[in-house]
Amino acid sequence: MNSCTELISRRDKNPLLVPLPVDHIIQRRWLKSWKLVFCDVQLKYNRMDGSSMDTKRQAHKIGCRLWNLSIVSVLILTFSNILLTVRLLHYSDCSKHAMPLPDIEPSHQDRELSFPRVPELPSSVAKDNIGSAACKNFPNETENSGNKGVPSKNGNSVFQINSRLGRWDARHLFKAFDFAIVGDKFVTLSERFTVCLATQSSLEKMHSLVQVAHHWSGAISAAIFAASDEFKLLEWYVGYLRKCFPLVRERVSFHLMFSKDRPPSNSKSEFPKKPKMDCHKPEAVLDELVRLRRPETGKWRVKNAYPQNHMRNLARRNCQSSHVFLTDVDIIPSARLAEGLDTFLRTNKCKGKCAYVIPTYEIDDRVKFPHNKTDLIRLAKKGLARPFHHKVFIFNQFATNFSKLVQRSGWSDRSSRGCMDRLVDDWSAIVDASLLLVVLMPQWQSNEGLENSAVHVSHNVTNFEFLYEPFYVAPDTVPAHDERFIGYGYTRNTQVYEMYVAGYQFQVLSPIFTCHWGLQNKKGRPSWRERQNSLNRRHFEVFKAEVFARYRKDPSKMVTSKKMVKVVR
């Protein structure tokens, strides 16, 4: 009794002596706090009339039960912590892609589909190692049209180009080569589908083409940039992709671009031996090839700006379909995106000028690629997916208005909808877009037939801002990307801004989407990137005046108010 009285007295004098959170549950202070609960109960009934012995006994039993329950809880949680620690130690040597996270169970109609980052290979190819005795050399992929190709060490050039016959850009800085390799079914797919996927990449990101080609069923026009000795490495890797992945060979046509300062180099002494290439590891194979690059080439690549807009124009101009879906190589389409877009474009009649925005999300590296919109929202609920560049540069996709995508997927409670509308209007209240997706999750999942619904317009973009950079589908007649902007800053957003001034209406589609691997966080900007941005900012002063003169419109008051945007990715 004295011990209980002493504990209660100390508790009253020290209000901080209270039960602790769960994460401190195994600490000694937690046990003392629960003992206080027991003492509270015991003292309360001890103060009752002495004749109420039955009541005292009952109080004593209640106190004992509370104490026993506390002990059992501590033991269970301690055992769970030990078990979890053992499992974490067991998985400590796993790669980041193998860490155990909640997976998404595919729906019934999608169980036959699987979208791993490295698709399963045909049995005839899967056993091969490019560079082994069985596959040391493989013949030319295309018929020689009589042009002199860039020579290769073994005499078999993967690319059929003549380095002296390329097409220069307006300032003679870069030379382009159209259709260095034509996909086996590129022409047929271009005639079958109304939309072509145009993408661009440097050497070190080309492994993403494997997944892009397995998700996109139509023609793919890929522009690739290489400098100096990167050309030989690029040739090896493209040959590897075409050998190991039949869908890359069938669907992808490659176009090349080189810098005037670093033309293709193919010296026999640079790479005496081709490394072995495992068909099951396209990313690891590419990493090994990039390590073979000469140090001076790597330094030159960092110092000199990457011609993003040149590459986008090169990929676009070689699409043969009426519409183009322009992306970066690491933007992965969702399942059946090409078929859904093709049906939509054939049946939907645009009034005026239309550009169709495909919502883009970034997803955690450790999850499976979402099969459909429902799976994507489940990932968002777990904090494993969010709108693209939401943390790095929110204005990149801000005007897409992801909240409307959710609201039009089955939200029907009027009182709650009014609350959400107020949240949407006050964007400062939304800390993370995934929070909004979590709130509306039950309504989205309950929308019957969502996974199989046809591609349709969810809503129009009504809050356009200059920094908007969506990935969109549009006729190939849209304005080209201005090639004065080289490197980072004012590359994609200037082209989208010109479309807006020209009168294009951006319309967001559903339920299709694209994804980028990795949840990105804001990091410090390197000095070379800031230099490129500053140079492009000066070009922008001239560009916006030219756009105003060309269309005689200034809807964003970029010229008339001498507005200058200084915050650019």
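Nothing in this text is a laboratory measurement; each read-out follows from the coordinates by a stated rule. Just so it is clear, the structure is predicted and the values come from calculations on it, not from any experiment. Counting neighbours? That spans all protein chains shown, and the Cβs are built from the backbone with ideal geometry, glycine included.
In what sequence do 216, 517, 236 fall when counting other Cβ within 10 Å, fewest first?
517, 236, 216
What are the residues whose amide H is under 5 Å from the amide H of residue 464, where those residues sit 5 or more places off or on another chain and H is modelled from the backbone?
none
Please give the net charge around residue 189, taking every other residue with its beta carbon less than 11 angstrom from that of residue 189, where Lys and Arg add +1 and Asp and Glu add -1. Walk me through the numbers on the way to the answer.
Working: positive: 185, 192, 251; negative: 184, 191, 250, 342.
Charge balance in the 11 Å sphere: -1.
Assuming R0 = 51 Å, what is the FRET efficiency of residue 76 and residue 284, from their Cβ-Cβ distance, to the nearest 0.05? Could the numbers behind the result be given before it?
Working: r = 43 Å, r/R0 = 0.84.
Efficiency, from the Cβ-Cβ distance: 0.75.
At a 10 Å Cβ-Cβ cut-off, how would you order 75, 66, 509, fewest neighbours first? Numbers along the way, then the final one.
Values: 75 11, 66 17, 509 23.
Sorted ascending by nearby Cβ count, the order is 75, 66, 509.
Rank 350, 295, 333 by how far each Cα sits towards the positive end of the charge dipole of the stretch 288-351 (+1 on Lys, Arg Cβ; -1 on Asp, Glu Cβ) and give me just the farthest.
It is 295, whose Cα lies furthest towards the positive end.
Provide 172, 255 in ascending order of the number of other Cβ atoms located within 10 Å of each residue's Cβ, fewest first.
On the way: 172 8, 255 22.
Arranged by neighbour count, lowest to highest, 172, 255 become 172, 255.
Starting from the Cα of residue 534, step 7 Å along the direction of its Cβ; do the same at residue 548; then give the gap between the two resulting points in nm.
For the pair residue 534/residue 548, the computed spacing is 2.5 nm.
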